[in-house]
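A short worksheet on the structure shown next.
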Amino acid sequence: MKTPLAALLCLLTLTTHAQEWPRNPKTGKVEFTGVLPWPTTTKTDAQRQALVKRWYLAKLTDSTPAQVAEEVRTMVSKSLLTYAQLPTITAIEQGKEGEGYRLLYMVKLTSAKAGLSYSISDFTLAKRSDEDSTPLEHHLTTPDTNKQAALAELRKRLVKALSAF
């Protein structure tokens, strides 16, 4: 009797975590928005762009700096770039190649006097071994505990990335 009860509590906890994804009140879709205050040491736009590039590469993507640079170099339209000439579409991954997940999303960054304004939206989820992805919202209520655990980790990673430079 203890095992089914423990499994139920675990599932409820993971489902609760999945519901914590922030949503745009107009669209109902998952979206992170906010402003990261500029450190007092970054006074020029060049310093801010360098800071944003380091932050983006360290926290918002699993691509290497060389991969991001190549993507920017071969970009067919400048409209696919955001502040500091970074790609608007990126991804983070969780788990092992055959079992893990890739979370793809759109990043819009804007420099403002108060800080870096961000909007992260248009999330899709795919198995790491798969090219096809589906909207994140389709996965948030799945009873699959492995997927829920992966989603909780991906969400935690994004929240941490958006807490500070």
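The values are calculated or read from the model by the stated rules, or taken from the named source; none is laboratory data. Bear in mind the structure is a predicted one, so any value in this text is a computation, not a measurement. Quick reminder, even Gly has a Cβ in these numbers, built from the backbone with ideal geometry, and neighbours come from all protein chains shown. Surface areas here come from the heavy atoms of the whole protein model, side chains and all, with no ligands, DNA or RNA. Shrake-Rupley method; radii C 1.70, N 1.55, O 1.52, S 1.80 Å.
Taking only Cα atoms, what is the 0 to 90° angle, nearest 10, from helix 2-18's long axis to the longest principal axis of the chain?
30 degrees
Please list, ordered by chain and number, the residues whose modelled amide H lies under 5 Å from the amide H of Glu31; skip anything fewer than 5 residues away on the same chain.
Those qualifying (amide H under 5 Å, at least 5 residues apart or on another chain) are Arg23, Asn24.
Before anything else, pin down the relative contact order of the chain: Cα pairs under 8 Å, at least 6 apart, normalised by residue count, whole percent. It would help to have the intermediate numbers written out before the result.
Values: 232 pairs, mean separation 44.4, N = 165.
Value for the chain: 27 percent.
Provide the per residue accessible area, probe 1.4 Å, for region 25-154, rounded to a whole number of square angstrom. Could you put the intermediate results ahead of the total?
Details: 7180 Å² over 130 residues.
Per residue, region 25-154 has an accessible area of 55 Å².
Leaving ligands, DNA and RNA out of it, report the carbon-plus-sulfur percent of the accessible area of the chain at a 1.4 Å probe.
Numbers: 5570 of 9700 Å².
C and S atoms contribute 57 percent here.
In whole angstrom, how far apart do the alpha carbon centroids of region 26-45 and region 86-106 sit?
21 Å
Residue by residue through region 95-100, which ³J(HN,Hα) values in whole Hz follow from phi under the Karplus form 6.51 cos²θ - 1.76 cosθ + 1.60 (θ = phi - 60°), with glycine and proline marked x?
3J(HN,Hα) across region 95-100, in whole Hz: x, 6, 3, x, 10, x.
Run the numbers on region 25-92 and let me know its relative contact order in percent, using alpha-carbon pairs under 8 Å that are six or more apart.
Relative contact order, region 25-92: 29 percent.
Just in region 60-165: which GluC sites (Glu not before Pro) are loop by DSSP and have at most 15 other Cβ atoms within 10 Å?
Qualifying residues, ordered by number: Glu97, Glu99, Glu131.
What residues qualify as long-range amide H neighbours of Gly115, i.e. H under 5 Å apart, gap of 5 or more or another chain, H built at 1.01 Å from N?
Result for Gly115 returns Trp38.
Once you charge only the Cβ atoms, +1 for Lys and Arg and -1 for Asp and Glu, what is the size of the charge dipole of the chain about its Cα centre, to the nearest 20 debye?
Numbers: 22 positive and 16 negative charges, 141 e Å.
With only Lys, Arg, Asp and Glu charged at Cβ, the dipole is about 680 debye.
If the viscosity is 1.306 mPa s and the temperature 10 °C, what Stokes-Einstein diffusion coefficient in µm²/s follows for the chain when Rh is the Kirkwood radius over Cα pairs? Walk me through the numbers before you get to the answer.
Working: Rh = 17.2 Å.
Approximately 92 µm²/s, per Stokes-Einstein.
222 nm [θ] for the chain, helices only, -39500 (n - 2.57) per DSSP H run of 4+, per residue, to 500? Could the numbers behind the result be given before it?
Working: 4 runs with 54 residues, N = 165.
So the helix-based figure for the chain works out to -10500 deg cm²/dmol.
Go through Ala150, Trp21, Val52 and say which Cα lies farthest out towards the positive end of the charge dipole of the chain; charges sit on Cβ, +1 for Lys and Arg, -1 for Asp and Glu.
Val52
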